[in-house]
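First the structure, in the form of structure tokens, and then the observations on it.
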Amino acid sequence: MHIDLSHGLRRGLVVAAVAASISLGVAACNDTTSIDPQRDRVPPTLSLTGIGGQVDTVIAFSTDAKDNLGLKTIHVQAIGAVGNFIFDTVFTSTVTDIRLPFTLFSSRSVPPGSPVTITAFAVDGAGNSSGVDTLILATGNVPPPLVKVLSPFSGSSAVLGKSILVTVMGKSGIKVRSLGLMTTGPVVRADSLIYSSPLLDSLTMQDTVTIPANATAGTLTITPFLRDSLGQRAVGPSITINVQTAAQINSVPVVNAYCTASQAFDNACGHGKRVEVSDTVHVEADDPSGISQLGYQVRSTLGGPIDDSATFISNGQLTFQPHTFAMKLPYTVFPTTAYIQVFAQNSNGIRAYAKLSSGVDRIDTVTVVAGVTRPLPLGGQVADALYHAGKDRLYLTNITRNQVEVFNLADSSFKTPVIVGSRPWGITVWPRDRTGAVGDTLLIANSGGTDISYIDLNVGANGAEVFRYALPNIIVYSVTTTTGPSGLPFQQKTRYDFSDRPQFPAATCIVTVSPCEVVMAYTTTPTPGQVSPFAELNGTIRWENLTRGVTVAGKTDYHTSHFFFEQAVGQSAGRADTLQIIRFDANGIDSTVILPYQQPVPGGGFYSIVAQLPALGFRDTTFARNSGNFQRAIFGEGGSVFGSRAVAFDVDRGYQTTVDVGFGPQTLTTPVVDRGVSPATAVSDFIANTFAEVKGVAINFDGSLSAIRADSTYVLNPLLRLQGILGTTVSNAGLDFHPLNTGPNSFPLLTRLMFAASSEAQIDIFDTHCYQRVSSIPIRDPIIGPIKAAFRASTGQLVLVAATARGVVIAQLPNTFTTTCP
């Protein structure tokens, strides 16, 4: 089927010429065949459909063709990353319905995202043509580029001597290098805007097209185009503008469309939408005599006084004028109902409001809700967030852009981000003591590497990374007693090398020494590199004494690192696996045995740890949070599996220093069991009481309560004993305690609260004493990611921050929520 391009084009032209001659012959002749009612005049149909799920070098698609009587020929052509491919087929028997699959191959040297343009048409036996269908695909399973004109609308009017403002949108999976447009008709021009690094995958541009007064009236065609980061060009669908003379002067402005930000996102500009007090209103209007004003008005009652309004003044030279307003709604009680109208005025002073299809003035009813939603400046995805009271700023890890976003609460704006390591996930802060006081250093878990970024908030205007702590490589060995072919027992030593990539950190501190020693407990993100029995349970939980890790010479102190095995202690059926754990320093030289296979006990005998191997590993993603006083932490095993585990940690409990192996209590030379880690009995008790599918975790200020988000939210004490269940929704994971919550008897009563994301566009508020929902906070969009609560001392407000589908929502609310429970 691979045909020489020039030969294939000739064949294609022959088919087209035959079809054309048949049509001309029928139209020109005055005989009975031109009006023969028996002649087939129904054209065939043809459609191209891409087939996904292919390897990176494959372009797959299918051609579906149908005709009422019979197909004659099908022509398919593909041009681009697969070379020049042409396929022609001629049917010699009656075929009315056929699907032809195609699989084309590109070279591995072709960059991902290289486009392939596919065209096809069918001709039936009577010479009727289906018309050409076009399909654009791209190599490497990258979505094909998309570019189109957002405004004005096709069919809009323009006047000689005036100008039109054109908005072009472009998307590309391999980033947009330039956006532009070409025009033909009364104005012939081409213009583009070139963007510099960092390139984005989605951009919009605006360009003014001036129509000279001496141009010829007619149809102006505007075609958008883009070039991606590889220099590849993609062209979008054209629009047409009717260019008229200035004689058409008695016109009334037409408000073509207007949307609030939420309506535009939903692609449905209508009634009943939710808006924020600083939401935007986008207005577009069209008038041949030129638009001189655009504006909006907001009322809390129909026909009542105006609560908020604004007017944009133009010079009247643009016949199509868009503008986006930032509202300043004065409402403080949520939810509140408001009514929005928009208007336009032309250069002749004639004003008109937006209309419904019936011709009645359009008035939109909206619900005003709490919060301010801001998209990330350069896109990406928020993985975790933290409020630093000393800087009065929010810090959000952007996992796809390798940076920490900085949001200033004082002016509700993003500042210059801080560049950190690869794929930053979790974030915590450097503790100072048990009062909740923190330093000006943030700790960022770089899940794309094996290190922790230190951000000094006092460097520069927004902070800067000043150090990366290289995490150790911790290897687990099992020494198993098995029975050999001879029937005699023997010992087998097996090595298990887990991923060391940090995911969620939880900061704690040891206050028995001064200054506070910072012990960062953390989870690791697994890779498929582990072997059985860790093919699925291959994440881990560990802690690292960051203070000792920097100050201890050679970093060979076994107190520097700990691998959580306590939750797995016990014997499996039919086997006994004794553990040995070795810490290999990141320098590749120093190593420390942090759990010996055997250690002699002074009074006689040996001490070992026997564990159930599969219980050492955790599914991805395992969540972690530290208490506000930095004494405790809670971990929740992720994954869509019921019976997931929770593990708690208390840094104050320290190591178990004595054991009894049959000779009475003896002091260990190397203490190995961290009594702060939940033992296997506590973990299994949690599973028995909950049998949950863990979606998120939270812990209160002093660690007296933890919460596991699952089908409901399970509230636990430090021993993982179930205290109560909150009726949260299943589909969302975000939750956090009131920053000053100190348990079920917390006082004042407002501190007993917990905030939970809902499946609806709201944040639910629960009482952690009576386990009832006591209130809710309406917001614009449902929360799809984490939620964090903080107390902003400078204003006495609560600050709630959460991730939504279109950015980050920040709600600053009075700290006056109370509970109806006794």
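The values are calculated or read from the model by the stated rules, or taken from the named source; none is laboratory data. Being a predicted model, the structure only gives us computed values, none of them experimental. When we count neighbours, we look across all protein chains shown, and the Cβ atoms used for this are built from the backbone with ideal geometry, even at glycine. The protein model used for the area step is the full one, side chains on, heavy atoms only, and it has no ligands, DNA or RNA in it. Shrake-Rupley method; radii C 1.70, N 1.55, O 1.52, S 1.80 Å.
Table for the structure above
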| item | result |
| --- | --- |
| Members of region 721-771 found to be under 24 Å from Val683 (Cα atoms), hydroxyl-bearing (Ser, Thr, Tyr) and out of contact with any Asp or Glu (no Cβ under 9 Å at 6 or more places or on another chain), listed by number | Thr768, Tyr771 |
| Within region 133-177, tally of residues that are among the polar types (S, T, N, Q), touching an Asp or Glu at 6+ places or on another chain (Cβ under 9 Å) and on the phi < 0 side of the Ramachandran plot | 6 |
| Region 525-539 residues that are within 10 Å of Phe618 (Cβ to Cβ), paired with ones that are acidic (Asp, Glu) and open to solvent by less than 10 Å² (accessible area, probe 1.4 Å) (beta carbon under 9 Å, 6 or more apart) | Leu537/Glu637; Gly539/Glu637 |
| Subset of region 415-433 [open to solvent by 40 Å² or more (accessible area, probe 1.4 Å) and either in contact with a His (Cβ under 9 Å, 6 or more places away or on another chain) or under 19 Å from Ala789 (Cα atoms) (or both)] | Trp425, Trp430 |
| Breaking point among (1) modelled with pLDDT under 85; (2) within 21 Å of Thr373 (Cα to Cα); (3) surrounded by fewer than 21 Cβ atoms within 10 Å (Cβ to Cβ), for Gln263 | (3) |
| All positions within region 766-805 that are surrounded by 17 or more Cβ atoms within 10 Å (Cβ to Cβ), farther than 13 Å from Pro739 by Cβ and of a type in the set (D, E, K, R) | Asp767, Arg780, Asp781 |
| Pairs with Cβ under 6 Å, 6+ apart, first in region 670-699 and among the aromatic types (Phe, Trp, Tyr), second buried (at least 24 other Cβ atoms within 10 Å of the Cβ) | Phe686/Ala646; Phe686/Leu720 |
| Residue in region 323-330 that is open to solvent by less than 20 Å² (accessible area, probe 1.4 Å) and under 23 Å from Val159 (Cβ atoms) present | no |
| Hey, Ser309 assigned to a loop (DSSP other than H, G, I, E, B) and among the hydroxyl-bearing types (Ser, Thr, Tyr) or not | no |
| Unique match (being modelled with pLDDT under 95, open to solvent by less than 10 Å² (accessible area, probe 1.4 Å) and not in a loop (DSSP other than H, G, I, E, B)) among Val298, Val283 | Val283 |
| Tally of residues being β-branched (Val, Ile, Thr) and under 15 Å from Lys788 (Cβ atoms) across region 373-405 | 3 |
| Residue among Ser704, Ser759, Ser731, Ser746 that alone is hydroxyl-bearing (Ser, Thr, Tyr), open to solvent by less than 10 Å² (accessible area, probe 1.4 Å) and either closer than 25 Å to Phe630 by Cβ or assigned to a loop (DSSP other than H, G, I, E, B) (or both) | Ser746 |
| Single match in Val110, Val116 (criterion: at negative phi, without any contact (Cβ under 8 Å) to a residue 60 or more places away in the chain and either open to solvent by 30 Å² or more (accessible area, probe 1.4 Å) or outside any strand (DSSP E or B) (or both)) | Val110 |
| Wholly enclosed strands (runs of 3 or more DSSP E) of region 435-549 bearing at least 3 residues open to solvent by less than 20 Å² (accessible area, probe 1.4 Å) and over 20 Å from Val672 (Cα atoms) | 438-446, 451-456, 502-510 |
| Residue tally, condition open to solvent by 40 Å² or more (accessible area, probe 1.4 Å) and modelled with pLDDT of 95 or more, over region 657-678 | 1 |
| Residue within region 613-635 that is among the hydrophobic types (A, V, I, L, M, F, W, C) and surrounded by fewer than 17 Cβ atoms within 10 Å (Cβ to Cβ) present | no |
| Extreme residue, nearest to Val774 (Cα to Cα), among residues of region 806-822 that are among the hydroxyl-bearing types (Ser, Thr, Tyr) and loosely packed, with under 14 Cβ neighbours inside 10 Å | Thr820 |
| Selection status of Arg41, open to solvent by 80 Å² or more (accessible area, probe 1.4 Å), more than 49 Å from the chain's Cα centre (by Cα) and either within 15 Å of Ala122 (Cα to Cα) or modelled with pLDDT of 95 or more (or both) | yes |
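Yes or no, residue by residue, for (1) open to solvent by 70 Å² or more (accessible area, probe 1.4 Å); (2) touching a strand residue (DSSP E or B) at 6+ places or on another chain (Cβ under 9 Å):
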{"residue": "Ile174", "(1), (2)": "no, yes"}
{"residue": "Val187", "(1), (2)": "no, yes"}
{"residue": "Asp201", "(1), (2)": "yes, yes"}
{"residue": "Asp207", "(1), (2)": "no, yes"}
{"residue": "Thr210", "(1), (2)": "yes, yes"}
{"residue": "Asn214", "(1), (2)": "yes, no"}
